[in-house]
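Chemist: Questions regarding the structure given below will be posed in turn.
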Amino acid sequence: MSDPTFVIAITALVGLSVVVAALLRGWHSWLALKRQELENRRTRGPIEIEGGAGEGAARIEIADLKERIRKLEAIANGVDL
């Protein structure tokens, strides 16, 4: 019973069990967080951005603003579009 290989194997098995248990607990907590986020989103309705725009419209607006900024920077650098 005092064989070093046996002690190392048992210690490794216990350590692996602790790590797996911690990861499993973290996974369950993460799933609970995501469920709560989904439930909150469902009860609040669709997300509205400033000005009452929906999430999709806000993304389009942001893309448009980025394009305008890119054009203004090109003009400031003297590049012809």
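A short reminder: the numbers here are calculations on the coordinates, not readings from a lab. Source: prediction; values computed, not measured. Note that we place each Cβ from the backbone using ideal geometry, even for glycine, and neighbour counts take in every protein chain shown.
Chemist: Assign one of three labels to segment 1-45, namely rounded, prolate or oblate, based on the Cα gyration tensor with a ≥ b ≥ c the square roots of its eigenvalues; rounded applies when a/c is under 1.5, prolate when it is not and a/b is larger than b/c, and oblate otherwise.
Modeler: Prolate is the answer for segment 1-45, as a/c is 1.5 or above and a/b outweighs b/c.
Chemist: For the pair His28 and Asp3, what calculated FRET efficiency results from E = 1/(1 + (r/R0)^6), where r is the Cβ-Cβ distance and R0 = 30 Å, to the nearest 0.05?
Modeler: Numbers: r = 37 Å, r/R0 = 1.24.
In this case the efficiency is close to 0.20.
Chemist: Using 0.36 nm per residue, how much length does the chain from Gln36 to Glu73 gain when fully extended, once their Cα-Cα distance is taken away? Could you put the intermediate results ahead of the total?
Modeler: Working: separation 37, 0.36 × 37 = 13.32 nm, distance 4.23 nm.
Length difference between fully extended and current span is 9.1 nm.
Chemist: Now, a different point. Under a point spin-label approximation (7 Å from Cα along Cα-to-Cβ), what is the Val19-Ala58 distance to one decimal in nm?
Modeler: The answer from the label model is 4.0 nm.
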